[in-house]
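Q: Structure incoming, see below.
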Amino acid sequence: MKKNNYSYVGISFIILLFGIYSVPKIIKHFQTADLYTFNKVPNFEFINQNGETISNKNFEDKVYIVEFFFATCPTICPIMNARMVDIQNEFMGNPNFGIASFSITPEIDTPNQLKQYALKNGINHKNWHLLTGKSEDVVYDLSNEGFKLFVGKGEVSHGGFEHSGLFALVDKNGNIRSRYDEHGNPLMYYRALDEHGFGNQIQELKQDIKLLLNE
């Protein structure tokens with residue numbers, strides 16, 4: 001019996017040691033952003049809804065989301081920005097978080113019109129910039145080539161333009177980041193129009209923003 005008791009004590013001691021050794025590693029794992037790193041965001045310079053010049057420098061040392069939209073979009077943009085407002089509210093008051101919304105119809109979306117759009121849609125985080133002021137070609141190049149997010153002409157029923165319903169997540173160093181899917185492949189983007197309903201990828205995006213804010 002004594003031998004068995006010693007065995008139990010030995011096993012318990014090993015388990016205790018394993019726990020002491022493992023817990024810090026587990027904590028570190030959850031504090032470290034295990035997200036894939038893609039290319040850096042290209043240089044850009046636009047005018048926001050307040051008439052201010054905004055460039056990459058305004059997002060230095062910030063975690064931010066990028067989307068391409070247009071204020072008169074009758075289809076997916078209202079859904080996208082409802083999701084984005086939800087994210088905004090989650091990080092309201094955080095100076096290290098931001099959003100860059102690039103208009104794909106810069107000739108229509110003047111700073112004043114974007115200001116009205118912001119007021120109408122509850123956009124009030126100081127680091128959420130609705131960006132315009134460059135030619136259509138410049139915006140298309142930034143979206144299609146820089147972010148690999150499709151933008152182009154579309155059907156009249158879609159407002160005359162087409163663009164993705166995806167959000168890009170950018171870290172404090174200006175790199176596009178994303179989590180992995182169930183097969184271990186990096187997603188690259190987060191779906192605003194989640195077929196699983198309001199939540200799945202938006203909640204994942206919120207989680208990943210928090211991870212990057214803590215990096």
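The values are calculated or read from the model by the stated rules, or taken from the named source; none is laboratory data. Quick caveat: nothing in here was measured; it's all calculated off a predicted structure. Quick reminder, even Gly has a Cβ in these numbers, built from the backbone with ideal geometry, and neighbours come from all protein chains shown. Quick note on the areas: whole protein, heavy atoms, side chains included, nothing else; ligands and nucleic acids left out. Shrake-Rupley method; radii C 1.70, N 1.55, O 1.52, S 1.80 Å.
Q: Of all residues in region 163-194, count the ones that are modelled with pLDDT of 95 or more, open to solvent by 10 Å² or more (accessible area, probe 1.4 Å) and within 10 Å of the chain's Cα centre (by Cα).
A: Going through region 163-194 one residue at a time, the tally reaches 1.
Q: Restricting to region 73-91, count the residues that are at pLDDT below 95 and either in contact with a His (Cβ under 7 Å, 6 or more places away or on another chain) or part of a loop (DSSP other than H, G, I, E, B) (or both).
A: So the answer is 4.
Q: Taking region 92-105 as the search range and keeping residues that are more than 20 Å from ASN56 (Cα to Cα) and open to solvent by 30 Å² or more (accessible area, probe 1.4 Å), which one is modelled with the highest pLDDT?
A: MET92
Q: Would you pick out the residues in region 38-72 that are part of a loop (DSSP other than H, G, I, E, B), more than 18 Å from the chain's Cα centre (by Cα), at pLDDT 95 or above and buried (at least 19 other Cβ atoms within 10 Å of the Cβ)?
A: Across region 38-72, the qualifying residues are ASN48, GLN49.
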